[in-house]
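The values are calculated or read from the model by the stated rules, or taken from the named source; none is laboratory data. All values reported here derive from a predicted model rather than from experimental measurement. Counting neighbours? That spans all protein chains shown, and the Cβs are built from the backbone with ideal geometry, glycine included. Areas reflect the complete protein model, heavy atoms only, side chains present, ligands, DNA and RNA absent. Shrake-Rupley method; radii C 1.70, N 1.55, O 1.52, S 1.80 Å.
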Amino acid sequence: MRGEILWSPPSDVLETTQIGAFMRWVGESRAVVVDDHESLWQWSVDDLDGFWMSVAEFCDTRWGTKPEHAVTNAAMPGTRWFEGGTLNYAEHALRWAMRRADETAVVAHSQTRPPMALSWGELAEAVARCRAGLVRLGVTHGDCVVAYA
């Protein structure tokens, strides 16, 4: 016996959602026919490398070093994803920040102080200050930095 269906996609999912835009883009740029959820899922399991490289391109991943493959060894455990690829996480997280500088990016809640909101512009400034502080402390490429938040 199966449980109750909690959600179903709208009938216009292909026209009004990002997954629909991705499916159209894949058809146009990769000549891969994915016109429903089932065919998208099937492609994602039949061609892991093609699927995930397409996802990365569709999402405008800005590689420092672009990997040749999304998956170099599909055996689980031990799968290697985007091996050799490098990117700057902060660049991705903040790349639209200045276009939306005054919009709220983060709302922080604490047990010891009232909620605090940061705009995208304020968040970008805080990240820049943090980076400058790490550089001042001698942190360089390859070093591990950990935070407890």
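Between the helical axis of 18-30 and the longest alpha-carbon principal axis of the chain there is an angle of about 70 degrees. For the pair GLN18 and VAL107, the difference between a 0.36 nm per residue extended length and the Cα-Cα distance amounts to 29.6 nm. Summed over the residues of segment 74-136 and divided among them, the accessible surface reaches 78 Å² per residue at a probe radius of 1.4 Å. Note on segment 8-56: the alpha carbon radius of gyration divided by the globular reference 2.2 N^0.38 Å gives 1.08. Comparing mean-square fluctuations of LEU134, LEU48, LEU40 from a GNM of the chain with C-alpha springs under 10 Å, the top value falls on LEU134. Of the listed values (1) -0.38; (2) -0.72; (3) -0.52, grab the one calculated as log10 I(q)/I(0) by the Debye sum over Cα atoms at q = 0.11 Å⁻¹ from the structure here. So the calculated entry is the one marked (2). Remark: segment 1-41 carries a charge dipole of roughly 140 debye about the Cα centre, counting +1 on each Lys and Arg Cβ and -1 on each Asp and Glu Cβ. The sum of -39500 (n - 2.57) across all DSSP H runs of n ≥ 4, divided by the residue count of the chain, sets its helix-only mean residue ellipticity at 222 nm to -12000 deg cm²/dmol. Its Cα centre serving as origin, the chain has a Cβ charge dipole (Lys and Arg +1, Asp and Glu -1) of approximately 860 debye. Taking 0.36 nm per residue of sequence separation and removing the Cα-Cα distance, the GLU57/VAL146 pair yields an extension gain of 29.1 nm. FRET efficiency for the pair VAL45 and ALA90, taken as 1/(1 + (r/R0)^6) with r the Cβ-Cβ distance and R0 = 41 Å, rounds to 0.80. Rounded to the nearest 10 degrees, the inclination of helix 37-46 to the longest alpha-carbon principal axis of the chain is 80 degrees.
For segment 54-149, the fraction of 1.4 Å probe accessible surface lying on carbon and sulfur atoms is 56 percent.
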